[in-house]
Amino acid sequence: MSDLMSDLMSDMISEPKSEPMNDTKTPPPLPDRLSTDPRSPHYEPAVFEHEVGILFNDHERFDVAEYCISEGWVRVPSGKTVDRRGNPLMIKLKGKVEAFYKRAGGAAAPAAAAAPGAPGAPGAPGAPGAPSAPSAPSAPGTEGP
């Protein structure tokens, strides 16, 4: 019994466990085709451990259910329409598709999202630090002193 205990103690002492300093995982590379449906052969759960963003024709889409970068299409739900099993009806939109991982702060990572004039780009209307548009005149008779 003491031999067993001494073996266990020596194993615990001699094998220091190296734990990473931070617990962030390196995200896996984004596939050419990805689906949010677990029944699809293009569903990869490891990718969804991180927040994924989709740029479609240089605009970020939040309703993409499936995409294919090489073929240039995305599948999105068609409004509130559902099939007989209760699944949303999907439509395929064709155009330029880019997939990226969002940063921890929620900002878009690719440079295409920050193109001049794009929403959120420096100097674009509504961007932080951009000059604000003049406010609309108030209704007659409601002017202040």
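Structure above, values below:
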read-out	value
Hits in the range 31-77 (condition: small (G, A, S), closer than 21 Å to R103 by Cβ and touching a strand residue (DSSP E or B) at 6+ places or on another chain (Cβ under 8 Å))	G53
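Matching residues to (1) surrounded by 10 or more Cβ atoms within 10 Å (Cβ to Cβ); (2) modelled with pLDDT of 90 or more; (3) out of contact with any Lys or Arg (no Cβ under 9 Å at 6 or more places or on another chain):
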{"residue": "S6", "(1), (2), (3)": "yes, no, yes"}
{"residue": "M21", "(1), (2), (3)": "no, no, yes"}
{"residue": "P29", "(1), (2), (3)": "no, yes, yes"}
{"residue": "L34", "(1), (2), (3)": "yes, yes, yes"}
{"residue": "P38", "(1), (2), (3)": "no, yes, yes"}
{"residue": "H50", "(1), (2), (3)": "yes, yes, no"}
{"residue": "D58", "(1), (2), (3)": "yes, yes, no"}
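The values are calculated or read from the model by the stated rules, or taken from the named source; none is laboratory data. Being a predicted model, the structure only gives us computed values, none of them experimental. A quick note on method: Cβ atoms are made from the backbone with ideal geometry, for glycine too, and the neighbour counts reach across all protein chains shown.
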